[in-house]
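Notes for the one structure printed next.
Only the coordinates and a few stated rules stand behind these numbers; no lab work does. None of these values were measured; they are calculated from a predicted model. With ideal geometry, Cβ positions are generated from the backbone for all residues, glycine too; neighbour counts draw on all protein chains shown.
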């Protein structure tokens, strides 16, 4: 194996290893299902494909232009985390307190094509799939690209391939999340959806905490230095 190929594979593994645990397609599949209860299985697969595509484009934008965009608007990564966590927590709280009594036919009639298109990006892509954590990691990956041409091209190709692999796994995981309904049944699915909403609320609070901690250093006060 040549050095160029080995470097490319190492770069791909690095990007996948960095993004996959944060995006967590397998773990987020129940959350995706919880936020798409009003859609049919076919609509859910369309949404999954759109989420994967949107996520891929969003990751590429963060990798190659994220640092410059945040600098232009004067926004820091902790602020992105704080705002993104707030959005995630609010969505989870709404889903956690949802009575679930809306008839499916009524929900389907209310879900227009435009609303579905919008939902594919917000909240399913941002912040559920590619949230503040994934964006910050992607920005970090792009910020560490070398300045010389040949290594830059190799790292850029690795980043694109790695992000593509993660998004393909996301597409598959979200697209077949409806299989949970067949395995769990109505009662088991209701438990999973409520639990997923609670976990999503915890994730949102954790993201907010990370941003607030980076801004104000709360954790330093919780762990004072030993004398």
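So the values come out like this:
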| item | result |
| --- | --- |
| Rg in Å to one decimal, and Dmax rounded to a whole Å, for region 1-81 via C-alpha atoms | 16.8, 51 |
| Estimated distance in nm for a label pair at residue 150 and residue 69, the labels positioned 7 Å out from Cα along Cα-to-Cβ | 3.3 nm |
| Prolate/oblate/rounded call for region 120-217, Cα gyration tensor, a/c under 1.5 rounded | oblate |
| Region 21-99 versus region 118-163: alpha-carbon centroid distance in Å | 14 Å |
| Helix-only mean residue ellipticity at 222 nm for the chain, each DSSP H run of n ≥ 4 adding -39500 (n - 2.57), per residue, nearest 500 | -27000 deg cm²/dmol |
| Contact order normalised by residue count of the chain, Cα under 8 Å, 6+ apart, percent | 46 percent |
| Angle in degrees between helix 77-96 and the longest Cα principal axis of the chain, rounded to the nearest 10 | 10 degrees |
| Spacing of the two label points (7 Å from each Cα toward its C-beta) at residue 96 and residue 122, in nm | 2.3 nm |
| Between helix 3-23 and the chain: long-axis angle, C-alpha atoms, 0 to 90°, nearest 10 | 40 degrees |
| Stretchable slack from residue 57 to residue 10, in nm (0.36 nm times residue separation minus alpha-carbon distance) | 14.7 nm |
| Tilt relative to the chain, helix 149-175 - C-alpha long axis, 0 to 90 degrees, to 10 | 10 degrees |
| Gyration tensor verdict on the chain (Cα atoms; rounded if a/c is under 1.5, prolate if a/b is larger than b/c, oblate otherwise) | oblate |
